[in-house]
Every structure is written in C-alpha cells, then in structure tokens.
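Engineer: The structure that follows is given in the form of structure tokens.
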Amino acid sequence: MTTPVTLGRILGYLGLAVLGALVALAGALVQDGWFPGGLFLALAGCAALFYGGLKATGSRVGVAVPAAVWLVSVLLLSSSRPEGDFLFAAGASAYLYLLGGALVAVICATLPQLTSSGANTA
C-alpha cells in the first residue's frame, strides 16, 4: 500500500526535517544544563517528534525524515570547531542523549501500525 506523492506530503516531510534540526539544537542546550531532568526532557522531545511524525504521516517515513535530520544535526553540533568551540561537553549526558535519541527513533520506526479497527497492518 503506497501513498501518492503530493505537494502537501512533501511540505509535511520538509516541516518534520526542520523540526528535527530544532529538536536537536534544543536538546543539545538542555540535556547537560539540568542533568538528569534536562536529559529526560530532551529525549521526551525526540520521542514526541518521532512518534508525532509517525502519526501525522501514517508512514515510517514520518519517523525516518526527522530522525535522520536529528542525527546529522546532533553529530554536527558535537564536532569541535577550529576555534575550539563546541556545544556538547564530553560527558555521559551527551552520549546518553545521542544513544537515547537514536534508540527512541528505532523504537518509533518499528512500532506496529494499527488500523482504526485495531488490526495490525505491519
């Protein structure tokens, strides 16, 4: 069962990609600042975005697009610059955020999709 590619669907995926970058930036700022509450808040934001993308689009692509942009954004934010500046401190919180966010993306992508009658479509 494939869905047709429409302009609205493309714009929706583009919006999810932008949200993926914003969630990555917000999580990077929060996850170490209020440890451990900030880490849970950042991971909850990831889970909300990935699961919301799944429900909004009705396909696993709705998880894959923001998750891929989130992962690339987090990796870019964690690399150091020539000036020596970086956003992530080398610590357990940054690694937990990276691994936890990836795990949340995998969990949301592999959730079985149920129809309105409750039947499994996967």
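Engineer: At residue 18 and residue 3, where each label point lies 7 Å from the Cα along Cα→Cβ, what is the point-to-point distance in nanometres?
Structural biologist: Computed distance between label sites residue 18 and residue 3 equals 1.9 nm.
Engineer: I want to verify the translational diffusion coefficient of the chain in µm²/s; compute it with Stokes-Einstein, Rh as the Kirkwood radius over Cα pairs, at 25 °C and 0.890 mPa s.
Structural biologist: The diffusion coefficient I find is 162 µm²/s.
Engineer: Could you give the length gained by full extension between residue 10 and residue 44, i.e. 0.36 nm per residue of separation minus their alpha carbon distance, to one decimal place?
Structural biologist: Length difference between fully extended and current span is 9.7 nm.
Read the figures in this text as sums done on the coordinates, not as results from a lab. This one's a predicted model, so the numbers in the text were calculated from it and none came from an experiment. All Cβ positions, glycine included, derive from the backbone under ideal geometry; neighbour counts span all protein chains shown.
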